[in-house]
Structure formats: structure tokens, C-alpha cells
1. Beyond 41 Å, what share of the Cα-Cα pairs of the chain remains, rounded to the nearest whole percent?
2. So which chymotrypsin sites (Phe, Trp or Tyr not before Pro) in the stretch 357-438 pass both tests, a DSSP loop state and at most 13 other Cβ atoms within 10 Å of the Cβ?
3. For LYS435, list the lysines whose Cα falls under 29 Å from its own Cα; do not include residues on the same chain fewer than 8 positions away.
4. So, counting K/R as plus one and D/E as minus one, what does the shell of residues with Cβ under 12 Å around HIS119 add up to?
5. If the chain between ASP218 and ALA77 were fully stretched, how many nm would it gain, using 0.36 nm times the residue separation less the Cα-Cα distance?
6. Could you order GLU177, GLU102, GLU87 by accessible surface area, starting with the largest, using a probe radius of 1.4 Å?
7. Leaving ligands, DNA and RNA out of it, report the carbon-plus-sulfur percent of the accessible area of the chain at a 1.4 Å probe.
8. With every protein chain left in place, what is the accessible area per residue of the chain in square angstrom, probe 1.4 Å?
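The values are calculated or read from the model by the stated rules, or taken from the named source; none is laboratory data. Everything quoted here is computed from the prediction, not taken from an experiment. Counting neighbours? That spans all protein chains shown, and the Cβs are built from the backbone with ideal geometry, glycine included. Surface areas here come from the heavy atoms of the whole protein model, side chains and all, with no ligands, DNA or RNA. Shrake-Rupley method; radii C 1.70, N 1.55, O 1.52, S 1.80 Å.
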Amino acid sequence: MTAPGRPHVLIVGGGFGGLYAAKRLKRADVAVTVVERGTSHVFQPLLYQCATGLLSEGSIASPLRHLLRNQDNAHVALGEANAIDTEARVLTASRFDGSTFELKYDYLVVAAGMQQAYHGHEEYIQWAPGMKTLDDALTIRRKLVAAFEMAESLPTPEERKPWLTFAVAGGGPTGVELAGQIRELATRALTHEFRSIDPGEARVLLLHGGERVLESFDSKLSDSALRTLDKVGVETHLGVHVTDVTATDVEITTKAEPKTKTRFDTRTVLWTAGVEAVPFARTLATALGAEQDRSGRIAVEADLSVPGHPNVFVVGDMMSRNKLPGVAEVAMQGGRHAGAVIAAAVEGKTKKRRPFKYRDLGNAAYIARHHALVQAGPLHMSGMMGWLSWGVIHIAFLSGARNRTGTLMNWAATLATGSRRERAITYGDPETARKPYT
């Protein structure tokens, strides 16, 4: 797995941070191992389009082995990091079958990412899937498609209404994009396909604790997004917390006194309200004596190494440094930087390590067809120009020419026909699929 005499760089995570760290080390005299719990690098910014039938999972996921096939010093190991001995420099990972294996390292780059946070209410997970993995996206697709199918089969409007009500918790980019896409799915792709219901009557609730949606954007852009959401039919409820989720409804409570509670009958609740570090972050922090913030992110030095451990780096969403946002570009640049620092150390360059300097390339969010937001420094775009720019940005950052081409073709076909072909649903596993619905 490693070449004798060559320093071994172990990278935990195959997302943006891990992939870009590995690629930066392509010409370095090291052996690289990327350990990842899944087989693919997933383009998370477009997960919501997979969930709403616009793109297939293959369009936004590229096999890590394929992406690193031309990098002779790179090896991919399928496993989930779960323990570490920092003195012996050994990481333990689990396989699918529960067995474990060990990986020694000279340098460690941790880019394991974040997971959906339920803020102490883990019981919500069974009713309100998040939006961080392909499994999440396919689960949401199943819930959305099934909701319309259920409504079609019911005899009265009163029975149909909860199935045609969709609640999205969280008014950040993912929540706004998901809410807008559900309305587009209902009013465009499904509009002529049902006989008993009008899919356009689907009610989409966007529930957000802040005073405005997309708070990471300029207030004028945020206001523009809210107007577009109103136009396409998304009902936005601001200044509220989700305080209960069940199989049949969702409860919200206003933040302001007198803290009024409201319940909505709905069979579909989707959760995008916050993230937290994956469990391995706590394991790593404990082993290293490192500090974690409220979300579990690990504090790092200016060069992205963990204080007191110059051979261990944390990059991407799991990194806490200067309040940098958990966005793809931070992970990409952080991964490249960690790789560059390691390459310089291996080459014997003894000068002081270069600090990480993030180049902010801006934020982008899709609101609805012909309307997206792009904010890059003084440049603010919305409407059609923002929409076109958003498309260019996302195509540019997709991994692999095949995925870029396929995504462009899918988008073009959807624009031309209004249809969404990626609406197949699965039951999770063969045993469940063989059972009757009841």
C-alpha cells in the first residue's frame, strides 16, 4: 500500500478537501492513501437537483479511483476512520463488514466533512432526512415522488392536502434551492402527468430561524431571492424554530414572545437547518488535545495544521479558522494548501511554513428557473445574469468531462421539454423491496 522509504500521506475523506490535497501531491515524492467511506467524490452543491429528479446520482458523483487513476503515487481505500493512535501514527478504519484495518502515516490530512445537525433531536431523522449524502438525496426523491403518487390515489381534497404539503427546515442556500426546486417540479415537470390532482397546488413551506433567507448574501440579494420565492409559490416563514416533527405534521414556534406555536399537517419534512462535525472529529480532537467549536470543527494553525501536531492537517468543513465558511471553495483551496505544505516539507525546505490565505471567489445560489444569486466581492448579480453565471460556475467545478457534459445535456433537455426523467425510486434494499407496502 505504501512505497518503502517514501513518506506516507494519509488523507481521510474524498470530498473537495481530500481530493484536492491528493492531486496537489501528484508530483511529490510521497505515497498517498485516500480513505473514504464511500466510493465516489460527490458534488454536494447539486445534491438537491438529484433529490428533485433533475439530475441522476451519476451526474454529480465520480468514482475516486477513476479521478485518481493517472496518479501513480495515489491509492484509494474504502473504509471509515474510527480510531487513531497519534503517538504510533496509526489510523484504524472499518470495512463494510465491520472488520477493521490499520493505516500508518507520516502526514495526516483530515477532510472528513460535516453531517446534518438536528440540534439534540436525533428522533427527527426518521421523518426529516437531511441533504448531505447521495443516500439523503435518494431518500428525499423517494419521499417527494411518493407524496404526489399518494395524493393521486386519495379520494378527497382533505386527505390529499397533507401529502401535497412540503416543509423545508432551513433558509440557507440548500433549503432555498430545495424549496424552489420542489415548486418547479410540481408546476412544470408534473403538471400534465396526473389526472386526479393538480400538482401545482403543492404547498411548499420554507421554515427559517433568521430574519431573512440566505443570510450569507448581501441583504439586497436576499430580498431579491425572497421576492422570487414568493413569485414561484414558496411560503416563507421567518423567525421561527422547528420544535417538533412527527410522521404526520411539523410544529414551528416563533422566536419572539409570546412564542406562538403553529402546526402544519404534512407527510414530507426535509431538514437543512445546520451541520455538525462527523463523529471522527471528536475522536481526533480527543487524541490530539485539540479545541472544537460548537459545531465540532477543529481549530487549526495558520498553515492548517493542528496546534502541537505539525504533521496533522484539518481542511474543509471540519476546519475552524478565522470564521471561514463551510463551502466547497474553502475546502478546495485548503486541500491544495495542505498538500503544498507537505510537498515542501518532504523536499526539505526548512523555511517557515506559508500561512493559508483564502481567496474568496464568492457565493452562488439557485432560486428558480432564470433566477439565481451570485456574489463575488463588489459584484452582485441576480435574475437571468445570476442564473447564467451560476450555471457556468457549477459546470466548471464538476469533476470529470463526462459529468460536465451529461449535466449540461440534462439541463438543456429540462429547459426544452420541462420534463424530469430522474424520478425512479428505490426501497433501500432487496429485502424491503420484496415486502408488501404494508
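1. That tail contains 19 percent of the Cα-Cα pairs.
2. Listed in order of number, the matching sites are TYR427, TYR437.
3. Here the lysines satisfying the reach criterion relative to LYS435 are LYS132, LYS143, LYS161.
4. -2
5. Extending this stretch completely gives an extra 46.6 nm.
6. Reading off the accessible areas and sorting them downward yields GLU87, GLU102, GLU177.
7. 51
8. Dividing the accessible area of the chain by its residue count gives 48 Å².
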